[in-house]
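Read the figures in this text as sums done on the coordinates, not as results from a lab. Quick caveat: nothing in here was measured; it's all calculated off a predicted structure. Cβ coordinates were reconstructed from backbone atoms using ideal geometry, including for glycine residues, and neighbour counts include every protein chain displayed.
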Amino acid sequence: MTYALITGASKGIGKAIAIELAKKKNNLIIVSRNEAQLATLAEEIAKGFKVVCRYIALDLSEAQAPNQLFDWCTENKLTVNILVNNAGYGLSGRMDNYTMAEYGNMMQVNMATPLALILKFLPTLKQQPKSYILNIASSAVYQAVPGLGVYAASKSFVFSFSRSLRFELRNSNVSVTVVNPGTTDTDFANRAQVTNERALKTAAKLNMTPSAVAKIAVDGMYAGKAEVIPGFINKLGAFLTVILPKKALEGGAAGIYGV
């Protein structure tokens, strides 16, 4: 029996990906900090889709969390054939609004934990007939984003190492896909402490639903795509970053985030 492991699975895009994978009859391991939400979701998925859904509550901002997750899977004899690195969050506002410790926690979740999980689970993934790594980055990877700069840079790391890893594994049974969603109707703005009214209004106009993003992401993963940008507006935005001056793009982002 194999499992799809999804981090940040208790809400938002992660929850929607878990449901999308359950629809395709994958057994699941769902991970987040909130044990109560995980327990409720695991029960709903198991009953609704007739699959096995295991869960473990971990704080992925802690450096030892990837080892704890891998050891727990090993102890419970849970074989992973799909690894979804979805957990992540942002911090908005001027760069000096936050401490290095706050940035360190965010970079641990966004960068170090996905890398550590891939290194831990890759030997197991290589042993399966077919396996997948699905990394959730952001449309912010295509430009510098004043007011969300460290978050954007952390997701650029995810984007870059995903493409590199895919090439390294091109002759293996492991397919790597990176997804770059734009604004999505999740708790991101609240967690990132986005208070600028313009930013919130812009997001509200362009928001995709988590379920729409999840379906596009999972379909792209199974299709073996290298890179997925959900939604026409986000595809257009990525294209514009190629042809517009960097200074103009950065000025636009700064205006949205009020810096």
Exercise. With a Förster radius of 30 Å, plug the Cβ-Cβ distance of MET100 and ALA36 into 1/(1 + (r/R0)^6) and report the FRET value to the nearest 0.05.
Key: 0.45
Self-check item: Calculated from backbone phi, Karplus (6.51, -1.76, 1.60) coupling profile of the stretch 101-118 in Hz, x at Gly/Pro
Solution: 5, 5, 5, x, 4, 5, 5, 4, 5, 7, 10, 5, 5, x, 5, 5, 5, 5
Quiz item: Once amide H atoms are built 1.01 Å from N in the peptide plane, which residues 5 or more positions from MET208, or in another chain, come under 5 Å H to H?
Solution: THR184, ASP185
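Suppose R0 equals 30 Å. What FRET efficiency, 1/(1 + (r/R0)^6) with r the Cβ-Cβ distance, do ALA57 and PHE232 give to the nearest 0.05?
On the way: r = 37 Å, r/R0 = 1.24.
Step by step, r from the Cβ atoms, then E = 0.20.
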Practice problem: May I ask you to list the residues of the stretch 39-68 whose amide nitrogen lies under 13 Å from a point 7 Å from Cα along the Cα→beta-carbon direction of THR74? | Solution: 66-68
Practice problem: Using label points projected 7 Å from each Cα along Cα→Cβ, tell me how many nm separate ASN171 and THR241, to one decimal. | Solution: 3.2
Exercise. Would you work out which of THR177, PHE70, SER154 lies farthest towards the positive end of the dipole of the stretch 2-257, given +1 charges on the beta-carbon of Lys and Arg and -1 on that of Asp and Glu, about the Cα centre?
Key: THR177
Quiz item: Counting Lys and Arg as +1 and Asp and Glu as -1, each charge on the Cβ, what is the dipole of the chain about the Cα centre in debye, to the nearest 20?
Solution: 800
Exercise. Report, in whole Å, the centroid distance computed from the Cα atoms of the stretch 73-126 and the stretch 37-68.
Key: 15
Quiz item: For the chain, max minus min Cα coordinate along each principal axis, in Å, sorted largest first?
Solution: 51, 39, 33
Quiz prompt | Computed [θ] at 222 nm, deg cm²/dmol, the chain (DSSP H ≥ 4; -39,500 (n - 2.57); rounded to nearest 500) | solution = -16000 deg cm²/dmol
Practice problem: Pull up all non-local amide H partners of ILE133: gap of 5 or more, or a different chain, and H-to-H distance under 5 Å with H placed in the peptide plane. | Solution: LEU83, SER175, VAL176, THR177
Quiz item: With θ set to phi - 60° and the Karplus curve 6.51 cos²θ - 1.76 cosθ + 1.60, what are the ³J(HN,Hα) couplings of the stretch 16-22 in order, to the nearest whole Hz, using x for Gly and Pro?
Solution: 5, 5, 4, 5, 4, 6, 5
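How would you rank 231-243, 13-25, highest first, on the average number of other Cβ atoms within 10 Å across their residues?
Working: 231-243: 13.8, 13-25: 23.0.
Per-residue mean Cβ counts within 10 Å order the peptides as 13-25, 231-243.
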Quiz prompt | Karplus (6.51, -1.76, 1.60) ³J(HN,Hα), θ = phi - 60°, over the stretch 84-93, in Hz, Gly and Pro reported as x | solution = 10, 8, 9, 4, x, 7, x, 10, 9, x
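Between GLU250 and GLN64, what is the FRET efficiency for a Förster distance of 51 Å, r being their Cβ-Cβ separation, to the nearest 0.05?
0.85
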Quiz item: Hey, which aspartates and glutamates would be in cross-link range of LYS155, C-alpha to C-alpha under 18 Å, not counting anything within fewer than 8 residues on its own chain?
Solution: GLU102, ASP187, GLU227, GLU250
Quiz item: From the square roots a ≥ b ≥ c of the eigenvalues of the alpha-carbon gyration tensor of the stretch 92-149, which class results: rounded (a/c under 1.5), prolate (a/b over b/c), or oblate?
Solution: oblate
